[in-house]
Amino acid sequence: MTHGAAWRRPSALNVSLLFYVLMEYHETLDALVPDAAPHGGDKASALYDKLCDGMYLHYPFDTEDLGEGVRLLKQVICGYWKPRYLINPKTYEAYELLDSDERFVAVTPGDIAWDTLAGLPEAAVDRARRLSAHFPTLVGRFAGGVAEVRWELNPDGRYYMDDSGFGMTDDEEITVYGFIDRTARVVEKFRLVSGRDELERMRAAAEARVKA
């Protein structure tokens, strides 16, 4: 599998206009319906308020609409976009996915189907143990209350290739998939999958879990 345009090195001129719209929406809703979603003292509300600070309006941050009222706040780390936070402007809540060291905050060792990783190279399994998302990690669009997360434990050799075409290794890509809900809670464990049919079964199980 290739990384695609999502992993091209971003321009320093990239500005988060979408997050500016998000802040405008926040202020407008407060004025029109001040009691619609009162700010609480919980962690998710406090994080939302923090992310409304001006520093998150500009590079190295940007936002992406994931559907169902959820936005993804991304940050450039080591030259690549990484999914840092889920933001829900309707509930004034935000949830951390990755920390600044590219480690999952929203995932625990109990959220990994370790039996499916049996026989993988030790380096890849060790990255899973450390919850390391150093290699490309993507959050898909929400549907049915859940989103697919693609977590690459080892890239293929092209990842190491420079602009001149040198440096490519014989590494093979190793990617695990899981599903999260709108609060970044893992609702279907990360695992190696055999194909699209298995992913669809995982999605169905995740959607059933959030509806239960």
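One table, with the values for the structure above:
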read-out: Sequence-distant residues sharing a close amide H with GLU188 (under 5 Å, placed H); value: PHE179
read-out: Amide H partners (placed H, <5 Å) of LEU66, local residues excluded; value: ARG71, LEU72
read-out: Accessible solvent surface per residue of the stretch 91-153, calculated while the other protein chains remain in place, 1.4 angstrom probe, Å²; value: 39
read-out: Distant-in-sequence amide H partners of GLU93 (H built 1.01 Å from N, under 5 Å); value: ASN88
read-out: Relative contact order of the stretch 115-154, pairs being alpha-carbon contacts under 8 Å that are 6 or more residues apart, as %; value: 37
read-out: Karplus-derived 3J(HN,Hα), 6.51/-1.76/1.60, for each residue of the stretch 141-152, Hz, glycine and proline x; value: 6, 7, 8, x, x, 9, 9, 7, 10, 9, 10, 8
read-out: J(HN,Hα) series, the stretch 62-76, from Karplus relation 6.51 cos²θ - 1.76 cosθ + 1.60, nearest Hz, glycine and proline x; value: 7, 10, 9, 7, 9, x, 6, x, 10, 10, 10, 9, 9, 9, 7
read-out: Karplus (6.51, -1.76, 1.60) ³J(HN,Hα), θ = phi - 60°, over the stretch 89-103, in Hz, Gly and Pro reported as x; value: x, 6, 9, 6, 10, 9, 9, 7, 8, 10, 8, 6, 9, 6, 10
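The values are calculated or read from the model by the stated rules, or taken from the named source; none is laboratory data. Because the structure is predicted, anything quoted here is derived from the model rather than measured. Accessible surface areas use protein heavy atoms only, side chains included; no ligands, DNA or RNA. Shrake-Rupley method; radii C 1.70, N 1.55, O 1.52, S 1.80 Å.
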